Amino acid sequence: MARIRTIKPEFWASEQIMDCSPNARLLFIGMWNFCDDAGIHPASPKTLKAEIFPSDDISASKVEDLVGELIAQGLLERYEVAERPYWVVTGWHHQRIDQPTYKHPQPDGTVPAGAARRRAERQQVASTENVRNLFGEHHANGRRPVDECSPPEGNGRERSGHGSGDGYETHVAQSALPPAPLAASEISRIDSAGDSDSSLVPIQDYSRPDCNAQVSPQRAKPAKRGNPGAAKFKARFEEFWDTFAYKHGKTRAMKAWMAVCGAEKADADLAALADDILRAAEIEALRRPTLVATGRTPIYPEGWLSQRRWEDEGLLSWGQWSPEEQAFVDVFNANIGDACPHVTEWTEKRSELTKVAVAGKMNLDRWGDFWRFVRDGCEFRFPVSYEWFLRRENFAAVADGQYNKETAAA
């Protein structure tokens, strides 16, 4: 649902805005109308083109390029939740929204609840005041003032012909009267008898004898015992904050950090949990430049903790070959000879291609035959690489004999 938004005069003189093309500026302003009240819009160039340039000769690919300008200037950020991409306006705090509603998930995966509708609250207050006025109540909270005492007690019988007014006194039910306070001698007798709960302490206020109010006994609450393991876990948050190295939303990240330790009780378990999180946070910091280079927005520390990302299998194995991948790489290095540079370092792209090759129909023996065929029977007039061979179309061309020495000589 489109919304009315505001533009401040400072917008036009912003260096970020001036570095954008005119169409990118127009697109940026138009996005505000179609973002939800958190400044979030689904990352769909086709949808954005239909919303802002419905009748203009601007393609969806051109809209995607314009969005790229805004991201490059830091005006938008891209992130994913449940494998669905979104854009978020970084300067959304400039919008003043009276009663916000939220539609799309934030980077931490949550959809905030909407603000309370003040109009409904005002109507409820007005309705309550009308009822009070109808019944003639004098106080807004429907109670007597603190210094006003209860009316004098009667004998519970109607009397006619006596007193003033209409000849009747108020009829008071005996069962509704508060019980009389315990006398001091009665309290002593109960204590000496030893048959009462010693943790029940009668509380009586005798400062106002004309307003006798019996207060229920209160049971003393046992003192809470602190958890030293949780305190040590909390102290390690700063270590996590520095290790994660993507410092956004520290207060909310701190709350998520403490929520993580809620299920762990033993001190040893909390210490091991903190160690596991810190090891995974170090890996996350190392792989973050790769995510940014591929156009993905890194997750905030709050969402990373609340989603327990330190347990992700892909994260824990990042930066190193799995045993199956290492065996595949060893076969390649042992049989390729000088036809291609050997693989000495792990990269995310190499790991993805190797996983696909390992999961295929060819076993390691057949792969060894293939690499020897490449070494002895093929000739390439351009530089080749490990990644080049593992791409499906290149592998098929080599296997079909397109790069055989005889073919190349002819």
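The values are calculated or read from the model by the stated rules, or taken from the named source; none is laboratory data. Because the structure is a prediction, the values reported are computed rather than measured. We place every Cβ from the backbone using ideal geometry, glycine too, and count neighbours over all the protein chains shown.
Figures for the structure shown
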{"quantity": "Hits in the stretch 280-323 - residues which are loosely packed, with under 14 Cβ neighbours inside 10 Å and either among the β-branched types (Val, Ile, Thr) or in contact with an Asp or Glu (Cβ under 7 Å, 6 or more places away or on another chain) (or both)", "calculated": "THR290, VAL292, THR294"}
{"quantity": "Sole exception among (1) part of a loop (DSSP other than H, G, I, E, B); (2) among the aliphatic types (A, V, I, L, M); (3) under 19 Å from GLU325 (Cα atoms) for ALA357, by number", "calculated": "(1)"}
{"quantity": "Answer from SER55, SER14, SER21, SER59 - the residue that is among the small types (Gly, Ala, Ser) and touching a residue at least 12 places away in the same chain (Cβ under 8 Å)", "calculated": "SER21"}
{"quantity": "Residues within the stretch 333-348 that are surrounded by 13 or more Cβ atoms within 10 Å (Cβ to Cβ) and in contact with a helix residue (DSSP H, G or I) (Cβ under 6 Å, 6 or more places away or on another chain), tallied", "calculated": "6"}
{"quantity": "Residue check, ALA268 in the same structural domain as ARG309 (by TED's automatic domain parsing) and either surrounded by 12 or more Cβ atoms within 10 Å (Cβ to Cβ) or under 13 Å from PHE237 (Cα atoms) (or both)", "calculated": "no"}
{"quantity": "Within the stretch 57-105, considering residues that are among the acidic types (Asp, Glu) and part of a loop (DSSP other than H, G, I, E, B), the one nearest to ARG296 (Cα to Cα)", "calculated": "GLU83"}
{"quantity": "Within the stretch 371-384, considering residues that are in a helix (DSSP H, G or I) and closer than 14 Å to GLN402 by Cα, the one farthest from the chain's Cα centre (by Cα)", "calculated": "GLY377"}
{"quantity": "Helices (runs of 4 or more DSSP H) contained entirely in the stretch 293-354, each with at least 3 residues that are modelled with pLDDT of 85 or more", "calculated": "301-306, 323-335"}
